[in-house]
């Protein structure tokens, strides 16, 4: 998910996700950046339908996914064998 928020809102979101992760509810990855990238897919110029993809311009979903995978790996390593 890509969101536009200020630093206070980001910190609140990060704190909430961290709390939920600590209770075993979720894994998450975050990546903050100051620019977005919007891609518009127009399948046909003759139709009125199209799709917009919004992501961070400096790594976005890919960097957040790496953070989440690292979090998952650390959690797995911490589990008793």
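Values computed for the structure shown
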| quantity | calculated |
| --- | --- |
| Added length on full extension, which subtracts the Cα-Cα distance from 0.36 nm per residue, residue 1 to residue 67 | 22.3 nm |
| 0 to 90° range, to nearest 10: angle between helix 60-78 axis and the chain longest Cα axis | 20 degrees |
| For 1, 68, order by how many other beta-carbon atoms lie within 10 Å, fewest first | 1, 68 |
| Relative contact order computed over the chain (Cα-Cα under 8 Å; 6+ residues apart), in percent | 31 percent |
| Ranked list, fewest to most other Cβ atoms within 10 Å of each Cβ, for 58, 73 | 73, 58 |
| Tilt relative to the chain, helix 7-22 - C-alpha long axis, 0 to 90 degrees, to 10 | 50 degrees |
| CD proxy at 222 nm, helix term only [per DSSP H run n ≥ 4: -39500 (n - 2.57); per residue of the chain; nearest 500] | -14500 deg cm²/dmol |
| Sites residue 74 and residue 39, calculated FRET efficiency, Cβ-Cβ separation with R0 35 Å, nearest 0.05 | 0.60 |
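Every number here is computed from the coordinates shown, using simple stated rules; none is lab data. Since the model is a prediction, treat every value here as computed from it, not as a measurement. Cβ sites come from the backbone with ideal geometry, for glycine too, and all protein chains shown count toward neighbours.
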